[in-house]
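Student: This is the structure I want to talk about, given as structure tokens.
The values are calculated or read from the model by the stated rules, or taken from the named source; none is laboratory data. These numbers come from a predicted model, not from an experiment. Methodologically, a virtual Cβ is constructed for each residue, glycine included, from the backbone with ideal geometry; neighbour enumeration extends over all protein chains shown.
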């Protein structure tokens, strides 16, 4: 009977050890499934983060490019504004000189007719500032019509036509009465 007891004890120990191994395998299988789920979740999260980073980087680069384009546009507009401002200053100077010439002719018309040499000298000194040669003398009268237009940035097509209101009239020899009439004295 001791052999039967020892066989039964050995069978029970073997059964216990087998049960422990099955329990360890089951636990390992469950842990492996958990690890796989966590790894899948981590991969998905990492992919989402990577996609978000890629989109943010793309948007950043687009905004950076747009900023550079706006800076280039602003620099170009500043340059054009400086040119237009310089043209406006030159036109203002020309307008002032023509205004002085007109006042001289009006005062000459009101106060009596000056000699042809006085009128010629006054005209030539004013004309020299406008780039008119002395040989043209009294044979030319310039009339400038000034038009001031305020345009918004969205009306860029009209900006090209900003200066089309300037007109110049050239004629042959004029007498004093005709010059006063052209200068605005009726």
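Student: Do the conditions hold for residue 3, that is, is it exposed (fewer than 10 other Cβ atoms within 10 Å of the Cβ) and either in contact with a strand residue (DSSP E or B) (Cβ under 6 Å, 6 or more places away or on another chain) or assigned to a helix (DSSP H, G or I) (or both)?
Tutor: Considered against the rule, which asks whether it is exposed (fewer than 10 other Cβ atoms within 10 Å of the Cβ) and either in contact with a strand residue (DSSP E or B) (Cβ under 6 Å, 6 or more places away or on another chain) or assigned to a helix (DSSP H, G or I) (or both), residue 3 comes out as yes.
Student: Is there any pair with a first residue in the stretch 43-66 that is on the phi > 0 side of the Ramachandran plot and part of a helix (DSSP H, G or I) and a second that is modelled with pLDDT of 95 or more and surrounded by 10 or more Cβ atoms within 10 Å (Cβ to Cβ) whose Cβ atoms are under 9 Å apart and which are 6 or more apart or on different chains, and what are they?
Tutor: No pair meets every condition.
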